[in-house]
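A.B. asks: Take this structure first; my questions come after.
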Amino acid sequence: MNFLAVGVIYRREMARFFRTFLQSLLAPVISTSLYFVVFGAAIGSRIEEVEGVSYGAFIVPGLIMLSVMGQATSNASFGIYFPKFSGTIYEFLSAPVSFLEVVLGFVGGAATKAFIIGLIILATSFLFVDLTIAHPLAMLAFLVLTCVSFSLMGFIIGIWAENFEQLSLIPLLIITPLVFLGGAFYSASMLPPLWQTITHFNPVFYLISGFRWAFFEQADVPVAVSLAAIAAFTAICLAFIWWIFRTGWKIRA
C-alpha cells in the first residue's frame, strides 16, 4: 500500500474543501435551520410526537442523512470529475499506484468532508431541540458507513459524467427523492400498507432506520438488516469501481 500517494490525494481533496470552508459550513447550517423552522415548528405544532419522540427530535437523523448523502455524493463526483475533465487523471493512471490507493484518496477526502458536515448539522440541531443520543458509537459508525458508501457512489458518478450537468443529475433526481421517501421526516408505520411495502424497496430507508435507532432505539426494520443493506451497497460500489479501473471505462477514452 502506497500511503504516500493516498496521503497526497487526500490532502489535495481536503485543501479544496478548506478553501471554501465558510460556504461549506454556512449552507448546511442555514438549510438545517430552515428545516427546523418549517418542519419542526410549523408541522411539529400539529404532530407533537412520533412513536414517543417529539417530532422536532424525530427528524434530526433524517436531516443529517439528507445532507450527508448529498454532500458525500457531490464531493466525490466533483473530486474525480475535474481530473478527468482537465486530463490530469492520466497522471494517476500512469503512476505506480493501484486503483485502491486512488479510491482511498478521493473517497477518503469526500467521506471526511461529509462526516464533518454531518457533525455540524448534529451540533446545530441541539440549538433547536432537546436531543439525546442513545448509542453515540453506533451513531458515529452509521454516519461513517453512510459517508463512505455514498462517496463511493459519487466517485462512480464522477467517472460516468461527461459534463457538469450530469454531475448533479443523479443527486437531484434520485438521491434526494429516495431520502424524502425513505422515512426522513416520518415513520414508515404511518403510511398505508401499500406504501409501506413500496418503502421497503427503497435502500435509503434501511440506512435512515438504522441511524434513527442509534438515537432513539426505535427502528422500522431490525438494525442487522440496516447493516446488511449498507454493507451490500458498499460492496456493489467497490466491485463496480474495480471493474471501471480494470476495463478503463470512461477514463481511457
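The values are calculated or read from the model by the stated rules, or taken from the named source; none is laboratory data. Model, not experiment: these values are computed from the prediction. All Cβ positions, glycine included, derive from the backbone under ideal geometry; neighbour counts span all protein chains shown.
A.B. asks: State whether the residues of the stretch 80-98 include one that is surrounded by 19 or more Cβ atoms within 10 Å (Cβ to Cβ) and under 20 Å from the mean Cα position of the chain (by Cα).
C.D. replies: yes
A.B. asks: Over 30 Å from Tyr81 (Cα atoms), surrounded by fewer than 14 Cβ atoms within 10 Å (Cβ to Cβ) and of a type outside the set (A, V, I, L, M, F, W, C) - does that describe any residue in the stretch 170-192?
C.D. replies: yes
A.B. asks: Further question on the same structure: Within the set of pairs 6+ apart or on separate chains, which have a first residue in the stretch 229-250 that is under 25 Å from Phe82 (Cβ atoms), a second that is among the basic types (Lys, Arg) and part of a helix (DSSP H, G or I), and C-beta atoms under 6 Å apart?
C.D. replies: Qualifying pairs under 6 Å: none.
A.B. asks: Further question on the same structure: Of the residues Ile236, Ile241, which single one is of a type outside the set (Phe, Trp, Tyr), over 30 Å from Val129 (Cβ atoms) and in contact with a Leu (Cβ under 8 Å, 6 or more places away or on another chain)?
C.D. replies: Every option except Ile241 fails the conditions.
A.B. asks: Only one of these is more than 20 Å from Thr146 (Cβ to Cβ) and among the aliphatic types (A, V, I, L, M): Ile251, Ile170, Ile174. Name it.
C.D. replies: Result of the check over Ile251, Ile170, Ile174: Ile251.
A.B. asks: Continuing with the same structure: Looking at the stretch 1-21, which of its residues are modelled with pLDDT under 75 and over 20 Å from the mean Cα position of the chain (by Cα)?
C.D. replies: Matches in the stretch 1-21: Met1 only.
A.B. asks: Just checking, which of Leu131, Leu119, Leu104 is assigned to a loop (DSSP other than H, G, I, E, B) and either aliphatic (A, V, I, L, M) or crowded, with 23+ Cβ neighbours inside 10 Å (or both)?
C.D. replies: Residue meeting the stated conditions: Leu131.
A.B. asks: Kindly evaluate Ile121 against the criterion of being within 21 Å of the chain's Cα centre (by Cα) and in contact (Cβ under 8 Å) with a residue 24 or more places away in the chain.
C.D. replies: Yes; evaluated as a whole, the condition is true for this residue.
A.B. asks: Given the criteria under 24 Å from Leu25 (Cβ atoms) and without any contact (Cβ under 8 Å) to a residue 24 or more places away in the chain, does Leu172 qualify?
C.D. replies: Against the criterion (under 24 Å from Leu25 (Cβ atoms) and without any contact (Cβ under 8 Å) to a residue 24 or more places away in the chain), Leu172 qualifies.
A.B. asks: Which of the residues spanning the stretch 186-220 are over 19 Å from Phe150 (Cβ atoms) and assigned to a loop (DSSP other than H, G, I, E, B)?
C.D. replies: Tyr186, Ser187, Leu191, Pro192, His200, Glu217, Gln218, Ala219, Asp220
A.B. asks: Please go through the stretch 237-253 and give me each residue that is surrounded by 14 or more Cβ atoms within 10 Å (Cβ to Cβ) and modelled with pLDDT of 90 or more, ordered by number.
C.D. replies: Correct list: Cys237, Leu238, Phe240, Ile241, Ile244.
A.B. asks: Can you pull out every residue in the stretch 116-132 that is out of contact with any strand residue (DSSP E or B) (no Cβ under 8 Å at 6 or more places or on another chain) and among the aliphatic types (A, V, I, L, M)?
C.D. replies: Start the filter on the stretch 116-132 by keeping residues that are out of contact with any strand residue (DSSP E or B) (no Cβ under 8 Å at 6 or more places or on another chain), which leaves 116-128, 131-132.
Correct list: Ile116, Ile117, Leu119, Ile120, Ile121, Leu122, Ala123, Leu127, Leu131.
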